[in-house]
1. Would you confirm whether any residue within the stretch 130-145 is closer than 30 Å to Lys80 by Cα, at pLDDT below 90 and among the polar types (S, T, N, Q)?
2. Taking the condition buried (at least 23 other Cβ atoms within 10 Å of the Cβ), assigned to a helix (DSSP H, G or I) and in contact (Cβ under 8 Å) with a residue 24 or more places away in the chain, does Leu82 pass?
3. Can you report the number of residues in the stretch 187-210 which are modelled with pLDDT of 80 or more, surrounded by fewer than 16 Cβ atoms within 10 Å (Cβ to Cβ) and out of contact with any Ser or Thr (no Cβ under 8 Å at 6 or more places or on another chain)?
4. Looking only at residues in the stretch 8-23 that are assigned to a helix (DSSP H, G or I) and more than 20 Å from Thr268 (Cβ to Cβ), which one is modelled with the lowest pLDDT?
5. With the structure loaded, tell me whether Lys53 is free of Cβ contacts under 8 Å to residues at least 24 places away in the same chain, more than 18 Å from Leu164 (Cβ to Cβ) and of a type in the set (Lys, Arg) or whether it fails that test.
6. Please determine, by comparing only the residues of the stretch 186-218 that are over 25 Å from the mean Cα position of the chain (by Cα) and among the hydroxyl-bearing types (Ser, Thr, Tyr), which one is farthest from Ile247 (Cα to Cα).
7. Determine whether Ile221 is β-branched (Val, Ile, Thr), more than 19 Å from the chain's Cα centre (by Cα) and modelled with pLDDT of 80 or more.
Amino acid sequence: MYAGNQSTVTEFILLGLSEDPLVQIVLFHMFLVAYITTLAGNLLLILAVRTDKRLHNSMYLFLANLSFLDICYTSVIVPKMLVDLLYLKKSISYIGCAFQVFFYLFLGETECILLALMAYDRYVAICHPLRYNMMMNTTVCLWMISTSWWTACMISSVDIYFVLSLTYCGPNTINHFFCEVPLLMQLSCSDTSSVNILKLMGSAILLFIPFLLILISYFRIMVAIARIPTGKYKSFSACSSHLVAVIILYGTAMFMYVRPEHFAKEGTDKLVAVFYTVITPMINPLIYSLRNKDVHRAMKRALRAGQMELSSLPISRHKFAMLL
């Protein structure tokens, strides 16, 4: 992540969500609860898939990987935001901003590809049920998951190289709570036309192509379900959770990255950014567990197992709480 041009800016000032100290305290507690809930929910889902043998198939392997992605994705943004809500000066170093942008793009792009792979998995399960175990075995799934990570890593590396090759000579104030790429590019005193073209190409590859694959998969799923004489609701219910996650992620991503510049509004952009960096990773485990009885039961068993292990410790819960 080496910048080709030498920038005079050594840090960026993040204006955050509000300048009102009282509002900042309220937001801190809200986002802290949301972050803890995100970590707990996604870790519980990973544990449920890991420990329940009935969930050892491709669909739940993808789901556990999605939960791991959500933990990493929200951890790139939220901890720094929580710290900034407690301090008057909300700054981030040039290198810190570069790393935040890279991992934010890398993990977000990986999730876009992963959701397309999950749509293909549902297509195979519904349209080719007899060949499902052969077509979507563990080896194939692991290969698909690793390919999504490597593809996103390569594309995000190219993106961050061109963004950081721009010269930043001031101003250095970003009206946001993290280093959002469009706002960062607006601060550059270099010609950003070539980078804007690259950004549009990257958006086309990482948003439209996977989204097109999702649309094709669900179109064929709908056609297959329409031909089923009975059990249509049960067949569609298996896909509904994934469809909700796709609509939320792709809807907010396209709103932010595939639109004319004059449509940008500071308040709306921040609200949408909060949704896909804080809210979406928090509600994904809830979406998948509520609509899937197997996941719901497995998460309950994992939670009970954790409570039993805690109660079996030699120290009582009361004393444990006192120590904390």
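1. no
2. Against the criterion (buried (at least 23 other Cβ atoms within 10 Å of the Cβ), assigned to a helix (DSSP H, G or I) and in contact (Cβ under 8 Å) with a residue 24 or more places away in the chain), Leu82 does not qualify.
3. Qualifying residue count, the stretch 187-210: 2.
4. Within the stretch 8-23, the match that is modelled with the lowest pLDDT is Pro21.
5. yes
6. For the stretch 186-218, the residue satisfying everything is Ser190.
7. Criteria met by Ile221.
Residues checked against (1) touching a residue at least 40 places away in the same chain (Cβ under 8 Å); (2) part of a loop (DSSP other than H, G, I, E, B):
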| residue | (1), (2) |
| --- | --- |
| Ile160 | yes, no |
| Thr167 | yes, yes |
| Phe219 | no, no |
| Ser240 | yes, no |
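The values are calculated or read from the model by the stated rules, or taken from the named source; none is laboratory data. Not measured: the values here are computed from a predicted model. No Cβ is skipped: glycine too gets one built from the backbone with ideal geometry, and neighbour counts run over all protein chains shown.
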